[in-house]
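First comes the structure, then the notes that go with it.
The values are calculated or read from the model by the stated rules, or taken from the named source; none is laboratory data. All values derive from a computational prediction rather than experimental measurement. Here Cβ is always computed from backbone atoms with ideal geometry, including for glycine, and neighbour counts include all displayed protein chains. SASA here: full protein model, heavy atoms, side chains in, ligands and nucleic acids out. Shrake-Rupley method; radii C 1.70, N 1.55, O 1.52, S 1.80 Å.
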Amino acid sequence: MKIVVAGTGYVGLVTGACLSEVGHNVTCVDIDEHKVAIMKQGISPIYEPGLDELLKNNYDAKRLEFTTNYKNAYKDADVIFIGVGTPEREDGSANLNYVYKVAEQIAQNVEKDCLVVVKSTVPIGTNDKIEEFLKEHLVNDVHIEAASNPEFLAQGTAVRDTLHANRIVIGVESDKARDTLKGIYEKFNTTIVVANRRSAEMVKYASNDFLALKISFINEIANVCEIVGANIEDVTKGMSYDPRIGDKFLKAGLGYGGSCFPKDTKALHWLANDNGYELKTIKATIEVNENQKYKLFRKAKQRLGSLKGLKVAVLGLTFKPGTDDLREAPSIRNVRRLLEEGAKIVAYDPVGIDNFKKLFPTEIEYVTTPEETLKNADLAFIFTEWNEIKALKLGVYEKFMKTPIIFDGRNCYKISDVEKRQIEYHSIGRKEVLNILNRGKQEAAITRM
Ligand code: UDX
């Protein structure tokens, strides 16, 4: 069976690599010549643990091929996975231009019966429309059908999430499509949930939106914890032993970012609205998240008044650890606000600096160690809980900073540990620690504004 994957972003490339890893012959198509050339050398164009190795091994074993020649790739394909992006439009709806562009190229080039499997996250009903579109644009007299197969991989653990998926959802309208997909996924050894296309599309949105809702819920509870003197970590621990609640996705912080939750919450809200239904829980999820991103910035302003002229150490830039992705990362908006305030920023991130430089090439200084970031800083912001940042001893802040005032958006340190130090520490959903190392220095920092 010849499998083709259109698009080599997170979804497409990981899908292609993992399908070849279980023994399928896979051709990955991308329009970018340079990307194709480097993938052939076993180098992943995205930072994703374990992916380089999969690309190299399967390319060397001749099970995995990369090409820009989509015509050749599509003409004799049995199954074509579409894994291209569905970015957010300004109004929050999903932009399906890339998906339809690929569908058009498929319809114009297939020369044998073919199953088109949509992995990209698309609004409910899109697979039906894609099938119609494919049939309308077919050049040759072949049978073509669309199926939905949503993707649940998370960045940083994408290879593991795919090879050891907790379930595979397929949305099909025929036994033939069902059997083809079941056959492809047989070796993944996991539960295959078979549904119709619309239900499968909805599984994806409902799953992501529910996880986003959990995060916004716990962030609100954290905000109330601060007001009433409770500790969010103890609260979530106490909740988590109830198996109906569990302990996942209950970490309070600066809100969710990334390529999926922000986009998928807005897309489902928009879709429901467009059909006359107000999804109130998701509307609240989005609003809470927007607000949460600036939580630390507001705290800093409240604490210090103006931030003009202060040296701010920024620890962590990516939207979460284990990825170089900056999409909807809280660091971006906060850095922008800090710059508007006139702060001087020195930033550290183990892998995100190159991408951040594309957004802020000269406005901020970049360094390669957390210690350098902290040198002589008036305050520090922690935006991402990288191990390199969590491992930083509290003594390092005391040693290097002019005034060790920390705004920790990821609750990297235990309050009991901070309390033993001469540090001022603000975090999420927990009490503030106001141990001052050198009151003279801090007062000087604050009165300078
Ligand atoms: C997510 C889903 O997990 C995945 O199933 C889907 O296919 C794509 O979207 P991803 O965006 O890669 O994956 O990251 P994830 O680990 O889910 O985190 C998303 C955001 O939520 C991050 O900004 C993270 O910091 C935040 N988060 C996550 C929290 O704030 N608290 C938590 O408890 C968990």
Self-check item: Spacing of the two label points (7 Å from each Cα toward its C-beta) at residue 68 and residue 37, in nm
Solution: 0.9
Quiz item: Once amide H atoms are built 1.01 Å from N in the peptide plane, which residues 5 or more positions from residue 379, or in another chain, come under 5 Å H to H?
Solution: 311, 313
Exercise. Can you send over the carbon and sulfur percentage of the accessible area for the chain, probe radius 1.4 Å, protein chains only?
Key: 50
Self-check item: Cβ charges +1 (Lys, Arg) and -1 (Asp, Glu), total dipole of the chain, debye
Solution: 1640
Quiz item: Can you list the GluC sites (Glu not before Pro) in the range 188-270 that are in a DSSP coil and have 12 or fewer other beta carbons within 10 angstrom?
Solution: none
Quiz prompt | Per-residue ³J(HN,Hα) for the range 110-127, Karplus 6.51 cos²θ - 1.76 cosθ + 1.60, θ = phi - 60°, Hz, x for Gly and Pro | solution = 5, 10, 9, 4, 8, 9, 9, 10, 8, 9, 4, 6, 10, x, 4, x, 5, 4
Practice problem: List every residue whose amide H lies under 5 Å from the amide H of residue 116, counting only residues 5 or more places away in sequence or on a different chain, with H placed 1.01 Å from N in the peptide plane. | Solution: 80, 145, 146, 147
Quiz prompt | Set of aspartates and glutamates with alpha-carbon distance to residue 431 below 19 Å, sequence-local pairs under 8 removed | solution = 220, 226, 233, 234, 408, 417, 419
Exercise. Take the alpha-carbon centre of the range 338-381, take the same for the range 69-102, and report the distance between them in whole Å.
Key: 36
Quiz item: If the limit is 32 Å between Cα atoms, which of 251/280; 35/344; 56/393 go over it?
Solution: 35/344; 56/393
Self-check item: Residue-averaged 222 nm ellipticity for the chain, from DSSP H runs of 4+ at -39500 (n - 2.57), nearest 500
Solution: -13500 deg cm²/dmol
Quiz item: Using a cut-off of 22 Å between alpha-carbon atoms, which lysines can reach residue 176, once sequence neighbours fewer than 8 places away in the same chain are excluded?
Solution: 2, 75, 112, 119, 129, 135, 187
Self-check item: Gain on full stretching of the segment that runs from residue 241 to residue 89 - 0.36 nm per residue minus C-alpha separation
Solution: 50.7 nm
Quiz item: Which aspartates and glutamates have a Cα lying under 16 Å from the Cα of residue 375, excluding residues fewer than 8 positions away in the same chain?
Solution: 349, 365, 398
Quiz item: Quick one: if you take sqrt(5λ) for each eigenvalue of the C-alpha gyration tensor of the range 204-292, what semi-axes come out, biggest first, whole angstrom?
Solution: 25, 14, 11
Quiz item: For residue 135 and residue 193 in one chain, what is 0.36 nm times their gap in residues minus the Cα-Cα distance, to one decimal in nm?
Solution: 18.2 nm
Self-check item: Under the Karplus curve 6.51 cos²θ - 1.76 cosθ + 1.60, θ = phi - 60°, whole-Hz ³J(HN,Hα) for the range 161-167, x wherever Gly or Pro sits
Solution: 4, 7, 5, 10, 4, 7, 6
Quiz item: What residues qualify as long-range amide H neighbours of residue 343, i.e. H under 5 Å apart, gap of 5 or more or another chain, H built at 1.01 Å from N?
Solution: 309
Quiz prompt | Accessible area of the chain divided out per residue, in Å², using a probe of 1.4 angstrom | solution = 44
Quiz item: Under 16 Å from a point 7 Å along the Cα-to-Cβ line of residue 97: which residues of the range 245-273 have their amide N that close?
Solution: none
Self-check item: Using θ = phi - 60° and Karplus 6.51 cos²θ - 1.76 cosθ + 1.60, couplings along the range 355-371 (whole Hz; Gly, Pro as x)
Solution: 5, 5, 4, 5, 8, 10, x, 10, 5, 10, 9, 10, 10, 9, 9, x, 4
Quiz prompt | By average C-beta atoms within 10 angstrom, highest first, the peptides 383-390, 162-169 | solution = 383-390, 162-169
